[in-house]
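A.B. asks: One structure, pasted below without further comment.
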Ligand SMILES: [Zn+2]
């Protein structure tokens, strides 16, 4: 157990460093403004890095390869999600940013140089390979730099409206902005993804953990009656309630009787293309502080 949690922390640190590095690169290139243009960053690496987009069907979302004879890197990105005469879609932008992670992160690049093979990447999330998660962390920070979004996120307790507004400014997907906003939030909050009626993944904010509020294990059945109802409505393509409230024990491990009296606000955000219902959970800071006093 201790071993696995140490491994987890090491991995999280690696992802954090990859993210910080992305922001340093942006700043050094003078491109730290919203929306971030990953292609403008790539252009600063010409002629060593060549970039091209095309409709590569279902073959890959992005690809970075090294050609030893030319001593050049080639970054290809799939434009199949784009619409004609429009800016690149969030998913395309994420793919480009992810491949730039492989280009900029030293040990990723070293692997390509040594091996000379192509690196294929697909999918915006849920890649469990360590290297892929580092490249995802790089991409998330590149497109949603903490330096720029932290002040926007922390205008107050997080709300779906604020997440949507920042997502528009950053040209990212709602899902990636929801995750990023919670991770940059100074308030106690948590983003929970429900798929197939169960919790698929969730990311709590630091303030929540510091407040000794720990998410229930993903393996546990969904306790919240509100969330069960919302999921059923979502599945039947009926309209989903935007807001609900429930006891803290619906979502978190609790100690002591005080925890029962804490109310968790639940904001539902349907993501039909991913067959996923996002739930933004927020707890008032005062309630959480009171909870700590009583244990
Ligand atoms: Zn990759």
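Bear in mind these aren't lab numbers, they're just calculated from the coordinates by the rules spelled out. All of these numbers come straight from a predicted model, not from anything done at the bench. For neighbour counting, all protein chains shown are included, and Cβ atoms are generated from backbone atoms with ideal geometry for every residue, glycine included.
A.B. asks: Go ahead and estimate [θ] at 222 nm for the chain from helices alone: -39,500 (n - 2.57) per DSSP H run with n ≥ 4, summed, over the residue count, rounded to 500.
C.D. replies: -13500 deg cm²/dmol
A.B. asks: Rounded, prolate or oblate, given the Cα gyration tensor of the stretch 8-143, with a/c below 1.5 counting as rounded?
C.D. replies: Values: a/c = 1.23, a/b = 1.10, b/c = 1.12.
Taking the square roots of the gyration eigenvalues as a ≥ b ≥ c, the stretch 8-143 is rounded.
A.B. asks: Which residue fluctuates most in the GNM of the chain (Cα springs below 10 Å): 167, 12, 236?
C.D. replies: Largest GNM mean-square fluctuation: 236.
A.B. asks: A further question on this structure: With 10 angstrom as the radius, rank 144, 274 by how many other C-beta atoms surround their C-beta, starting from the fewest.
C.D. replies: Result, fewest neighbours first: 274, 144.
A.B. asks: Whole angstrom only: what separates the Cα centroid of the stretch 137-162 from the Cα centroid of the stretch 166-244?
C.D. replies: Using only Cα atoms, the two centres lie 16 Å from each other.
A.B. asks: Moving on to the next point. Can you give the angle from 0 to 90° between the axis of helix 106-115 and the longest principal axis of the chain, with both taken from C-alpha atoms, to the nearest 10?
C.D. replies: Orientation of helix 106-115: about 50 degrees from the principal axis.
A.B. asks: Rank the residues 48, 202 as a footprinting-exposure proxy: fewest other Cβ atoms within 10 Å of their Cβ go first. If you can, show how the numbers build up before the last one.
C.D. replies: Details: 48 10, 202 19.
Lowest count first: 48, 202.
A.B. asks: Please determine, in degrees from 0 to 90 and to the nearest 10, the orientation of helix 225-235 with respect to the longest principal axis defined by the Cα atoms of the chain, where the helix direction is its Cα long axis.
C.D. replies: So the inclination is approximately 40 degrees.
A.B. asks: Follow-up. If we sort 148-155, 16-23 on the protection proxy, mean other Cβ atoms within 10 Å, highest first, what's the order?
C.D. replies: Result, highest mean Cβ count within 10 Å first: 16-23, 148-155.
A.B. asks: What residue among 175, 44, 159 has the largest mean-square fluctuation in a Gaussian network model of the chain, using Cα springs under 10 Å?
C.D. replies: So, out of 175, 44, 159, the one fluctuating most is 44.
A.B. asks: Hey, in the GNM for the chain with a 10 angstrom Cα cutoff, which one of 81, 66, 187 fluctuates hardest?
C.D. replies: 81
A.B. asks: Expressed as an acute angle from 0 to 90° and rounded to the nearest 10, what is the orientation of the C-alpha long axis of helix 174-184 relative to the principal long axis of the chain?
C.D. replies: With both axes taken from Cα atoms, the answer is about 70 degrees.
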